[in-house]
Amino acid sequence: MSLLRVLPFAAASLLTIACGSSSDDPKKSTPQAKCDDDATTGVCVTQVTGSLMDESGAAVTNAPVSVCGDICYYGQSDDSGAFEVDVKAHIDLSAYFLLVHARPEKAGFYYKLPTDAPDTLVDAGSRLVLTLPASGSELSVSGSGAPAQSATSGDVTLDVPDGVDVKLDVEDVTAGPIGAEFRVLTVPDDERDTFVDPSLNVLALYAVAPFEATFLEKGSKTPAKASLTFTNTTGLAADTPVELLTMGSYYVDQNLAPGAFGPAATGHVSSDGASITLDPGEGVTYLTWFALREKK
């Protein structure tokens, strides 16, 4: 499924065109009473509403937001953190997600939409948007010669082999130098279940930037792997096998739905119990949210 990528342009009119919105006014308070397309699929959604807050409870203001599937619809949070996204089309709510475009300060994430909306107005609720560390180690990105490099932020170390390019998503390219900085937030335990299904038995969760940066063999479009090492905060004993989960993406080709977490690599707790390293030959092909759990 192709995705029209969303950029945090200053001009709302450009974003409206780029994201396929059917409204010239993304802040319009009264949506049309009916959809303006043919009922070929899904349900008629006139508008998606909600609000954004950070971990302190403060409103996330003036942040571009989009409702994205095979096309994107645009809106923006106001001074109270509330947003409205005009859709006015028949869509499959299970295949669309809310994205908040507040990088590089905030973490990118695919927020699921409710699929049981009682009418055409879909209330996405109050969404928690996490704040990333203010700075990190700057990565050498595509066009810089693809050197071997290592970067650490918080509890996570990234190791990129020689000959592997780091390709940034366009949102991080436009952010300037900070868009290339490796920054990791260890999600607090009391916020973990907000982002990942508790049934997955995740023991540690990490929000990572640059979001959806990909690893490619130098000068090609062939995916390559980078390795990760984690400080062991899981409580797992030495030598315990571990499974690394990644969050699915529209942007990166993989067998995982956007916003869902699934197995991507295996690893082990070190013999001294201090760290978790991926097994030989294991790795990740892009940066996203990572989760750790015991491998059964």
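The values are calculated or read from the model by the stated rules, or taken from the named source; none is laboratory data. Given the structure is predicted, the values throughout are model-derived calculations rather than measurements. Cβ sites come from the backbone with ideal geometry, for glycine too, and all protein chains shown count toward neighbours. When the accessible area is computed, the model is the full protein with side chains, heavy atoms only, and any ligands, DNA or RNA have been set aside. Shrake-Rupley method; radii C 1.70, N 1.55, O 1.52, S 1.80 Å.
Give the residues of region 62-79 that are polar (S, T, N, Q) and either without any contact (Cβ under 8 Å) to a residue 60 or more places away in the chain or farther than 18 Å from Gly259 by Cα (or both), sorted by residue number. Before the answer, list the steps.
First, pick out the residues of region 62-79 that are polar (S, T, N, Q): 62, 66, 76-77.
If the condition is that a residue be polar (S, T, N, Q) and either without any contact (Cβ under 8 Å) to a residue 60 or more places away in the chain or farther than 18 Å from Gly259 by Cα (or both), then Asn62, Gln76, Ser77 are the ones that fit.
Taking the conditions exactly as written (farther than 30 Å from Leu216 by Cβ and surrounded by fewer than 15 Cβ atoms within 10 Å (Cβ to Cβ)), does Gly143 satisfy them or not?
no
How many residues are in a strand (DSSP E or B) and without any contact (Cβ under 8 Å) to a residue 40 or more places away in the chain if we restrict to region 246-294?
The total comes to 8.
Do you know which residues across region 266-288 are within 13 Å of Leu245 (Cα to Cα), touching a Gly at 6+ places or on another chain (Cβ under 9 Å) and either buried (at least 20 other Cβ atoms within 10 Å of the Cβ) or among the polar types (S, T, N, Q) (or both)? Don't jump to the end; show me each part of the working.
Narrowing region 266-288 to residues within 13 Å of Leu245 (Cα to Cα): 266-267, 278, 282-288.
Checking the rest, the ones that are also touching a Gly at 6+ places or on another chain (Cβ under 9 Å) come to 278, 282, 288.
Once the filter is applied, which keeps residues that are within 13 Å of Leu245 (Cα to Cα), touching a Gly at 6+ places or on another chain (Cβ under 9 Å) and either buried (at least 20 other Cβ atoms within 10 Å of the Cβ) or among the polar types (S, T, N, Q) (or both), region 266-288 yields Leu278, Thr288.
Pull up region 235-265, narrow it to residues that are of a type in the set (S, T, N, Q) and more than 22 Å from Ala209 (Cβ to Cβ), then point me to the one that is least open to solvent (accessible area, probe 1.4 Å).
Taking the candidates together, the pick is Thr240.
In region 109-140, which residue that is touching a residue at least 12 places away in the same chain (Cβ under 8 Å) and charged (D, E, K, R) is least open to solvent (accessible area, probe 1.4 Å)?
Among those residues, the one meeting the criterion is Arg127.
Which numbered condition trips up Lys106, out of (1) over 24 Å from Trp289 (Cα atoms); (2) basic (Lys, Arg); (3) open to solvent by 10 Å² or more (accessible area, probe 1.4 Å)?
The one condition Lys106 does not meet is (1).
If we keep just the residues of region 169-195 that are in a helix (DSSP H, G or I) and open to solvent by less than 40 Å² (accessible area, probe 1.4 Å), which is farthest from Phe230 (Cα to Cα)?
Restricting to residues being in a helix (DSSP H, G or I) and open to solvent by less than 40 Å² (accessible area, probe 1.4 Å), the top hit is Glu171.
Criterion first (assigned to a strand (DSSP E or B) and open to solvent by 10 Å² or more (accessible area, probe 1.4 Å)) does Ser227 satisfy it?
Yes, satisfied.
Taking region 196-221 on its own, how many of its residues are open to solvent by less than 10 Å² (accessible area, probe 1.4 Å) and acidic (Asp, Glu)?
Residues flagged as open to solvent by less than 10 Å² (accessible area, probe 1.4 Å) and acidic (Asp, Glu) within region 196-221 amount to 1.
Of the residues Val166, Val208, Val242, only one is part of a strand (DSSP E or B) and more than 15 Å from Thr288 (Cβ to Cβ); which?
From the options Val166, Val208, Val242, the qualifying one is Val242.
Within region 104-119, identify whether any single residue is at positive phi and touching a strand residue (DSSP E or B) at 6+ places or on another chain (Cβ under 8 Å), and answer yes or no.
no
Could you give me the residue pairs with C-beta distances under 9 Å whose first residue belongs to region 201-227 and is at positive phi, whose second residue is surrounded by fewer than 21 Cβ atoms within 10 Å (Cβ to Cβ) and hydroxyl-bearing (Ser, Thr, Tyr) wherever it lies, and which are 6+ apart or on separate chains?
That search, which allows pairs on different chains as well, returns Glu212/Tyr251.
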